[in-house]
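The block underneath contains the structure these notes are about, expressed in structure tokens.
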Ligand code: DGJ
């Protein structure tokens, strides 16, 4: 068992190489003691100590020690209004409208395995893979029974936390804040690393010193967002890719989130992460329960690289589901950048025909196939086939594509409605709105109120009708605007702040229905590119369209930043045309293929217009995808040269398979110069093995490659890339 509980109620939770310790302290308060590298069980009793306070800190009446204060101690799950003045994870407003909270230990349970969270996505584990601790704590004033869940993975350095609140009283109360985790660090040298961005520029790595006070990374857009990813790491100031402390926190949630970090006057750093609280409140009636989503926490004392690899492995094996989770995904060609809205079945078929000859395995028909949709101004919600565009219907096109030997995939944006649509004419009230207030449009569209069961039924039926009409094996599920005027006609005034969370729960329910009805389906999530690239989506869809920016050079940054938390196998990446449609940049066809190779590989261009030389390259790229698949998608990723650091003139990363017998290295020159150093030190190989560079035939030992490095040994132009395939020489 990887969870130890002493008689004096010290709890020690161990993963493969981390320990997490807290205890029941003075008066039943839950006090936090340690999170970091594994420590032995021998000193466990030593941890039942607490910090002492200065004279002016409030002291709970119940405690016997004059010097105990919740304002100074590192608390396991912080609450508001009773003497801990730092950021609070939980705030409950009682029936009288007073908001103060005070939770004390009641009981605990330890068991093997991991519970799922009702109605919400989460990592999963077998009885052998994980152990779980539940702590019950009670706020006697409100009757809020708070259960803290902790699961530790035995073969990983990951642990998860989530929280449940049950109303055990006979009066309703409001949960005003409920964060899923709270960790108090006794350290002064931490920095905050997070992934900020924008449309077409997702997940840039930013790292800041933590000043005294509070910093918040959040989304209030109703989705996890392009702007901030629900991932943050606290890292020691000396942390690099390969050394130092890195604590990662990733919320399994696709709605409003917040990670708040406070460095206080006692040099404690508190991190809380969960549902964003300013647009949240939940009325909990007697007997009801509320679950907060899961946070996945990973600690590494070998820098950011190991933290990322831990997330990658966990998400591939214990978050993604379904038959595709580890399987090679079909190489796809998507018609969006080839045709935008202007296509018919002949054009699509001509793309499929040419693509098939070159080794591409699936045609994805993007936006524009339904209703009267010829631009982004109309028809979202009208999910019936436009037979003027697809003459003979969808079934005929899909059959022709299947007859070529290719799969067929289709685009939906289920959660949306255009005011110009048949659906809006029939059900104007189905758009999220505040009666009497003007609708805020974005991309000419509104969001459907999927919290209404009849809306979910309508969407399920529409998708089912299309799915059952043809052999569709893939869905791209898009979402192209944030939520505004978040308000529900079904909720009473005192429950309107529940709306954002209810929206997310309704989305989960719809996704669940679809994946249950079509268990073989491969779903690719999308939100104007990577606006919902989060672990909640990966539970339903093992790949996500990483960004609408398909420029290979921009994609180097975007895919590098995304890899801080998410595995390559989840990142949709396509070769597109030049000049690139987003940036107008020209880059070599080879470069575009090399970058997309480190993602779920595909094309997004009019393949009928390629030159013969480019078509030959497509064939080579498709073969390479199959050849490298196992190493790139199931191997360990090592980031080697960051495009975010120094002069931003180069980038490199590599993947190594499990037995270190094969590696694939990616190197790019973004901005060349006369004296650009081309030596890159590799990582993750076996120092004692010899490796051959498959293309050149040169043989190197693992220690040379990792210590002296590999000399790319030629002059690169701007935007040139190389992929080096290394294989063990026996
Ligand atoms: C946004 C997506 O990110 C694009 O790939 C494309 O599907 C468009 N929507 C279609 O409207």
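Since every read-out is calculated from the coordinates, none of them should be taken as a lab result. Because the structure is a prediction, the values reported are computed rather than measured. No Cβ is skipped: glycine too gets one built from the backbone with ideal geometry, and neighbour counts run over all protein chains shown.
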TODO: Based on other C-beta atoms within 10 Å, arrange 622, 31 from fewest to most.
DONE: 622, 31
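Would region 67-160 count as rounded, prolate or oblate if I go by the C-alpha gyration tensor, calling it rounded below 1.5 in a/c and otherwise prolate when a/b exceeds b/c, oblate otherwise?
On the way: a/c = 2.46, a/b = 1.86, b/c = 1.32.
Prolate is the answer for region 67-160, as a/c is 1.5 or above and a/b outweighs b/c.
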TODO: Could you line up 523, 670 from fewest to most neighbouring Cβ atoms inside 10 Å?
DONE: 670, 523
Open item on the list: For region 1-27 and region 396-454, what is the centre-to-centre distance using only Cα atoms, to the nearest Å?
Closed with: 49
Task: Cα→Cβ-extended label distance, 7 Å offset, between residue 8 and residue 494, nm - done: 4.5
Task: Length added when fully stretched, residue 376-residue 623, from 0.36 nm per residue minus Cα-Cα - done: 85.3 nm
Open item on the list: Run lengths n ≥ 4 of DSSP H only: what is the helix-derived mean residue ellipticity at 222 nm for the chain, with -39500 (n - 2.57) per run over all residues, to the nearest 500?
Closed with: -6000 deg cm²/dmol
- [ ] Provide the FRET efficiency to the nearest 0.05 for the residue 215-residue 109 pair, computing r from the beta carbons and using R0 = 41 Å.
- [x] 0.70
TODO: Treating each Cα of region 212-276 as an identical point scatterer and ignoring solvent, apply the Debye formula and state log10 I(q)/I(0) at q = 0.28 Å⁻¹.
DONE: -1.13
Open item on the list: Can you give me the C-alpha center-to-center distance between region 661-730 and region 306-346, rounded to a whole angstrom?
Closed with: 28
Task: FRET efficiency estimate (nearest 0.05) - Cβ-Cβ, residue 659 to residue 266, R0 41 angstrom - done: 0.30
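Treat the count of other C-beta atoms within 10 Å as a stand-in for reagent exposure and order 351, 217, 103 from fewest to most.
On the way: 351 26, 217 22, 103 29.
If I rank by nearby Cβ atoms, fewest first, I get 217, 351, 103.
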Task: Distance in nm between pseudo-label sites at residue 429 and residue 674 (7 Å out along the Cβ direction from Cα) - done: 7.5
Task: For region 509-589, convex hull of alpha carbons as volume per residue, Å³ - done: 100
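Stokes-Einstein diffusion coefficient for the chain at 25 °C in a medium of 0.890 mPa s, Rh from the Kirkwood formula over Cα pairs: what value in µm²/s? Show your work: numbers first, answer last.
Values: Rh = 27.0 Å.
For these conditions, the coefficient is 91 µm²/s.
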Open item on the list: Please report the spacing between the Cα centers of region 562-611 and region 349-370 in Å, no decimals.
Closed with: 16
- [ ] Please give the length that would be gained between residue 168 and residue 67 if that part of the chain were fully extended, namely 0.36 nm times their separation in residues minus their C-alpha to C-alpha distance (nm, one decimal).
- [x] 33.1 nm
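Pull out a ≥ b ≥ c, the square roots of the eigenvalues of the alpha-carbon gyration tensor of region 72-111, then state rounded if a/c is under 1.5, prolate if not and a/b is larger than b/c, and oblate in the remaining case. Display every interim value, and only then the final one.
Numbers: a/c = 2.68, a/b = 1.36, b/c = 1.97.
Cα axes put region 72-111 in the oblate bin.
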TODO: With everything on Cα atoms, drop me the angle between helix 453-469 and the longest principal axis of the chain, reported from 0 to 90° to the nearest 10.
DONE: 30
Open item on the list: Need the full-extension length gain, residue 509 to residue 686, defined as separation in residues times 0.36 nm minus the C-alpha distance. One decimal, nm.
Closed with: 59.1 nm
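What shape does region 177-336 have by the C-alpha gyration tensor, where a ≥ b ≥ c are the square roots of the eigenvalues, rounded means a/c under 1.5, and otherwise prolate means a/b greater than b/c and oblate the rest? Intermediate values should be presented prior to the final figure.
Numbers: a/c = 1.63, a/b = 1.13, b/c = 1.44.
The shape class here is oblate.
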- [ ] Among DSSP beta bridges whose residues both lie in the chain, state the antiparallel percentage, nearest 5.
- [x] 85
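Grab the beta carbon distance between residue 612 and residue 384, set R0 = 45 Å, and tell me the FRET efficiency rounded to 0.05.
Working: r = 40 Å, r/R0 = 0.89.
With R0 = 45 Å, the Cβ-Cβ based efficiency is 0.65.
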Open item on the list: Students often get this wrong: which residues of region 509-545 have the backbone nitrogen under 19 Å from the point 7 angstrom along Cα-to-C-beta of residue 289?
Closed with: 509
Open item on the list: Just want to confirm a number: the relative contact order over the chain, from Cα pairs under 8 angstrom separated by 6+ residues, in percent.
Closed with: 10
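When all alpha-carbon pairs of region 587-718 are counted, what percent fall beyond 24 Å? Show your work: numbers first, answer last.
Numbers: 3020 of 8646 pairs.
The proportion of pairs with Cα distances above 24 Å equals 35 percent.
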